[in-house]
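Take a look at the structure below.
Bear in mind these aren't lab numbers, they're just calculated from the coordinates by the rules spelled out. Quick caveat: nothing in here was measured; it's all calculated off a predicted structure. For neighbour counting, all protein chains shown are included, and Cβ atoms are generated from backbone atoms with ideal geometry for every residue, glycine included.
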Amino acid sequence: MNSIETYKAVFDSNPDAIVIVDEVGAIVLVNHQATMIFGHTRDEMLGQKIEMLIPGQLRAKHVHQRQDYSRKPVPRTMGSGLDIYALRKDGTEFPVEISLSPILLKNKTLIASAIRDVSERKEREQMILANELKYQHTLDHMLEGVRILDNDLRYLYVNEACIAQSRTTRENLIGRTLMEVFPGFENSTLYPVFMTCLDTGESRFTETEFVFPDGHKGWFELSIQRVPEGLFILSIDITDRKQAEEKMKEQKAFTEAILNNIPADIAVFNKDHQYVFLNPKALKSEEMRTWLIGKDDFDYCALKGIDEGPARKRRELFNKAVKEGRDVEWVDEYPSDDGKTYILRRFHPFKEDGELKYVIGYGIDITRTKEAEARLKELYAEVQAANWELEEFAYMVSHDLQEPLRMVTGFMNLLKMETEGLLNESTSQYIHFASDGAVRMKNMIEDLLQYSRVGTTKEDLEDVDLDEVVSSVTHLLNHRIREFSAKVEVNELCTLKGIKPLLTQLFMNLLSNALKYHGEKPPEISIGCIEEKDHWLFYVKDNGIGIDEKFFDKIFVIFHRLHSRDSYTGTGVGLAISKKIVEKHGGRIWVESAPGKGSTFYFTISKNTQ
Ligand code: ADP
């Protein structure tokens with residue numbers, strides 16, 4: 001091959017299209033690649049103006065540029081920094097890169113253009129750019145805070161979340177170092193972590209509490225990676241989670257403190273009666289407590305080599321609580337140094353959304369209560385015995401006193417008759433006082449006898465029609481009702497189980513008091529009853545003299561009177577008897593009153609009198 005052919009081969013094999021034009025822009029030479037990228041044959045191009053390869057709208061401008069270049073031809077790239085397009089034969093345009101170089105011949109200057117089709121590269125670049133934009137958009141809008149720092153820990157990039165987490169603005173971050181934004185950062189625990197990552201290139205993952213310049217504290221989860229620019233740091237604000245964890249920890253410690261210090265055995269079981277939790281009161285040894293978790297009482301018995309009887313009993317009670325879905329309670333007795341210890345135990349099925357979750361076992365030492373209860377029982381029996389004896393005594397005394405008293409009054413009367421007209425005035429006065437005293441004593445003894453009988457006599461319960469009872473009482477009191485021009489209103493009463501003679505006496509006492517303790521105006525008395533859940537509530541209301549609040553309790557005490565014998569007759573036993581009658585019927589009695597405002601006596605009678 002001669003040298004001309006060699007040049008031609010080199011020229012044609014050049015990967016760039018080469019188009020050589022003369023001073024007036026006419027194409028004088030093209031290589032093979034030029035025919036390939038423009039789609040023209042050599043013949044079609046040769047002799048034509050170079051503008052044939054340039055898109056129509058740029059042609060006029062190109063002519064000028066070409067002429068400028070011809071005047072001062074130097075090798076250079078064309079349109080540097082601009083996107084240039086060339087025109088194919090089929091009319092399509094494509095991006096090109098062009099380098100120009102003058103070819104200086106003896107008598108003329110040609111210009112060679114090396115044209116490279118950069119469509120593919122442009123496309124690639126475009127794709128990369130689009131991808132970058134896409135990635136940046138993704139970073140910008142990530143929920144995690146993203147920051148890219150240079151080797152001096154200077155912010156190069158921050159996303160929205162990072163700005164929010166940093167509690168500042170983008171302007172305050174970009175271009176500034178961490179130490180400038182957060183003074184004292186170099187003394188924080190994070191600083192050495194960042195520096196090590198920068199030094200070693202090892203990625204780090206850490207959780208840290210960060211204190212902001214304004215004192216605000218936040219918890220962050222950080223993922224730190226070395227990147228060419230410096231550090232790429234992802235952060236998640238976990239303050240809420242940390243606070244919740246902290247709260248839960250506190251709550252747990254609180255609950256544990258209670259469970260560990262409460263003076264009760266507490267054990268929590270799963271559905272299969274296996275231990276889930278035990279407090280130290282239930283089992284002292286921590287080692288044993290840990291061992292027992294997931295095991296049951298039978299495992300414990302086997303380990304300790306003890307009788308399984310109590311464990312079997314507990315299993316039965318456990319199954320009962322689970323089956324019936326309610327608390328099951330029992331008392332365990334243990335021998336102790338000073339007698340016996342009693343533990344009140346309970347299985348409490350604990351459900352969530354209607355499903356059995358756990359069974360909670362409680363155990364409370366009730367030895368003291370048991371002892372107190374026994375003592376109370378003893379005392380009650382003692383008091384009852386004493387009371388009974390006292391009532392017996394009162395009954396016997398009042399009964400036995402009647403006979404000598406009858407003798408006294410009898411002989412006083414004889415004395416009065418025999419001495420009639422023989423004694424002076426003062427001596428017969430003495431006899432009068434003595435017999436009056438004896439009469440009063442007789443009344444008191446009779447009342448006392450009646451009082452003591454309420455407790456001792458055993459009458460049968462019967463259906464008592466109280467309308468009938470009250471009507472017989474008003475009938476008996478008729479003369480006094482008329483004497484005082486009293487009005488007695490009886491609202492409908494009821495029939496109840498009771499002791500008729502006692503209930504008759506009760507109404508008799510209250511009604512006669514209402515008549516006796518009347519004020520200036522004629523007595524107005526109203527009697528009625530109200531049915532309540534397990535008892536009847538009765539009232540006897542009057543418009544009489546009333547009672548001072550400070551005597552409300554005293555008037556029910558035997559022989560207690562508020563008035564002298566001269567103003568109102570009586571022994572002060574009526575209300576004491578009434579109280580006894582009411583209590584015998586499982587009720588209580590009380591008064592509501594104020595001086596001059598009348599009184600209302602209330603009493604209840606149980607519906608379950610036995
Ligand atoms: P007595 O009527 O024989 O004195 P009671 O036991 O029936 O005894 O009453 C005790 C006291 O309660 C009476 O002395 C009287 O002062 C007071 N009392 C009772 N009923 C009434 C009433 N309806 N109004 C005002 N005071 C009353």
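Note on the stretch 437-592: semi-axes of the ellipsoid equivalent to its C-alpha gyration tensor, largest first and rounded to whole Å, are 23, 21, 16. Sorting the segments 153-160, 394-401 by their residues' average number of neighbouring beta-carbon atoms within 10 angstrom, most packed first, yields 153-160, 394-401. Fully extending the segment from residue 174 to residue 521 would add 114.9 nm, taking 0.36 nm per residue of separation and subtracting the current Cα-Cα distance. The stretch between residue 351 and residue 441 holds 25.3 nm of extra length on full extension. This uses 0.36 nm per residue minus the Cα-Cα distance.
A cut-off of 5 Å between modelled amide H atoms, ignoring neighbours fewer than 5 places along the same chain, links residue 85 with 96. Counting only DSSP beta bridges with both residues in the stretch 210-336, what percent are antiparallel, rounded to the nearest 5? Around 95 percent of the beta bridges assigned by DSSP in the stretch 210-336 are antiparallel ones. In whole percents, the pair-distance distribution calculated for the chain from its alpha-carbon pairs, binned every 10 Å from zero, is 3, 9, 10, 7, 8, 10, 8, 6, 6, 7, 6, 4, 4, 5, 4, 2, 1, 1, 0, 0. Using θ = phi - 60° in the Karplus curve 6.51 cos²θ - 1.76 cosθ + 1.60, the 3J(HN,Hα) couplings for the stretch 280-288 round to x, 5, 6, 8, 5, 5, 5, 4, 5 Hz; x is entered for Gly and Pro. The label point for residue 286 and the one for residue 10, both projected 7 Å from the Cα toward the Cβ, are 9.0 nm apart.
Against the empirical curve 2.2 N^0.38 Å, the C-alpha radius of gyration of the stretch 32-133 lands at a ratio of 1.19. Take the alpha carbon atoms of the stretch 405-424, find their center, do the same for the stretch 259-290, and report the distance between the two centers in whole angstrom. Measuring centre to centre over Cα atoms gives 88 Å.
Relative to one another, the C-alpha centroids of the stretch 430-470 and the stretch 152-185 are positioned 102 Å apart.
Each Cα pair under 8 Å and six or more residues apart adds its sequence gap; the mean of these over the residue count of the chain is a relative contact order of 6 percent.
Of the GluC sites (Glu not before Pro) found in the stretch 360-463, those in coil by DSSP whose Cβ has at most 15 other Cβ atoms within 10 Å are 420, 459. Checking the cross-link pairs 442/516; 242/295; 377/500; 377/579 against a 29 Å limit on the alpha carbon distance flags 242/295; 377/500 as lying beyond it. Modelled spin labels at residue 482 and residue 68, positioned 7 Å past Cα toward Cβ, are 14.7 nm from each other. The residues 529, 162, 494, when put in order of fewest to most other Cβ atoms within 10 Å, stand as 494, 529, 162.
A crude spin-label estimate for the pair residue 223 and residue 252, with each label 7 Å from Cα along the Cβ direction, gives 2.6 nm.
Using alpha-carbon pairs under 8 Å, 6+ residues apart, how would you state the relative contact order of the stretch 300-402 in percent? Rounded, it is 16 percent for the stretch 300-402.
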